[in-house]
Amino acid sequence: MKKILPDFLAILVFAVLSFAYFFPADIENRILFQHDIAAGAGAGQEAAQYHEQTGERTRWTNSIFGGMPTYQISPSYDSAQPLQWVQKVYQLFLPNYVCLTFILMLGFYILLRAFGISVWLAGLGGIMWAFSSYFFILISAGHIWKFITLAYIPPTMAGIVLAYRGKLLWGGIVTALFIALQIASNHVQMSYYFLFVILFFVGAYFEDAWRNKTLPQFFKASAVLVVAALIGVAANLSNLYHTYTYSKETMRGKSELVQTGEAAKQTSSGLERDYITQWSYGVDETLTLLVPNFKGGASIPLSMNEKAMEKANPNYSSLYSQLTQYFGDQPMTSGTVSFHTGVLHSTRTSEMGTDRSYLLLHCIGMGTKLYAFDRFLY
């Protein structure tokens, strides 16, 4: 008990910080306006009324796209109920918003502890990760499924690290649990991107095992992780299957129309590549990870920037209100993506290589101008 007491204290600190950040809104039942949440509530109003009148759940609604299954708006399967309960336990039954920053801190803390980082440094790393700007942009926009999926990625990586460090049982359990929770969060796109991070991870550990002649241990850990991944996926088969079958009938499925000219250079099936990548970072925009306002900041009128207005010519005040601060490649943005910069030192060559590979993948994947990589992803 004495050994794990510092970890319990760290978790308590995370919960207190989360409450403090959202105070007093978290005790006054205030509701944050989130565009996607409001739109979702409108789309689900017909189904909610049906449930209120009949006590039954409808699997179809006519209130969006001329009619579509409700299991794509709000998935609800009896088979997923155990996972939902596990998720509430992991979130310590904390209220909305509070639980979001909490699981971000806890997830990254678990990853750093798997790397062998001390409690206080891992706690600091979890706090720095959770309070990066992008996550709060997601909250304000209402991209909650995406947010929760991202929160479960670091602990999933922790399970992989534990397995390759020889802790096969714990590595398998942690990996299976968080893959299941990750997919249950219903943002498969983020999980798909995470597969590429896993490839870099496995490649780095394979190279280390090759050099140190420990390939039997590597393959044993890999087998455990494959089984864990299958368990995590199997726990979500209902939702994955229905999503897969329904996608063929949507704009994400293959079109019956034959494209010619420039349109033929897009994807052979599914969404057009320009549509997919229109919200991707430009290559130079990736520098906002280190310099937050490298591309001007959020898409708000320049006139709202007090510092800029101090040196502005008042004769052009009407013009400033029409200009946006942001001048990047995206249509618009609610704010820049930036992270607290730090150095994570690892004595293991394989994990150092993984860190570098993950950073490289992250930077490349955010660039819309790197078309070869985009074609590989999409």
Requested in this report: Specify the inter-centroid distance of region 293-312 and region 157-235, based on alpha-carbon positions, in whole Å.
Outcome: 44
Query raised in the report: With each pseudo-label sitting 7 Å past Cα toward Cβ, what's the LEU240-PHE327 distance in nm, one decimal?
Result: 4.6
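For a Förster distance of 56 Å, can you work out the FRET efficiency between the beta-carbons of LEU319 and GLN84, rounded to the nearest 0.05?
With R0 = 56 Å, the Cβ-Cβ based efficiency is 0.60.
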Query - Cα→Cβ-extended label distance, 7 Å offset, between THR214 and VAL226, nm - result: 2.1
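How high is the FRET efficiency between LEU195 and GLU310 when r is their beta carbon distance and R₀ equals 30 Å, given to the nearest 0.05? Walk me through the numbers on the way to the answer.
Numbers: r = 48 Å, r/R0 = 1.60.
Result of the calculation: an efficiency of 0.05.
Starting from 0.36 nm per residue, how many nanometres of slack lie between MET1 and THR58 once their C-alpha separation is accounted for? Write out the running numbers ahead of the final one.
Working: separation 57, 0.36 × 57 = 20.52 nm, distance 4.86 nm.
Extra length available between MET1 and THR58 comes to 15.7 nm.
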Query raised in the report: Volume per residue, Å³, of the convex hull around the alpha-carbon atoms of region 273-328?
Result: 91
Query raised in the report: What chymotrypsin sites (Phe, Trp or Tyr not before Pro) in region 16-88 are in a loop by DSSP, with at most 15 other Cβ atoms within 10 Å of the Cβ?
Result: PHE33, PHE65, TYR77
Query raised in the report: Once Rh for region 92-224 is found with the Kirkwood sum over Cα pairs, what is the Stokes-Einstein diffusion coefficient at 37 °C and 0.692 mPa s, in µm²/s?
Result: 212
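What FRET efficiency, computed as 1/(1 + (r/R0)^6) with R0 = 56 Å and r the Cβ-Cβ distance, is obtained for TYR21 and GLU272, rounded to the nearest 0.05? Numbers along the way, then the final one.
Values: r = 40 Å, r/R0 = 0.71.
That pair, TYR21 with GLU272, gives E of 0.90.
Bear in mind that the values in this text are calculations on the coordinates, not laboratory data. Small disclaimer: the values here were computed from a predicted structure and weren't measured. Here Cβ is always computed from backbone atoms with ideal geometry, including for glycine, and neighbour counts include all displayed protein chains.
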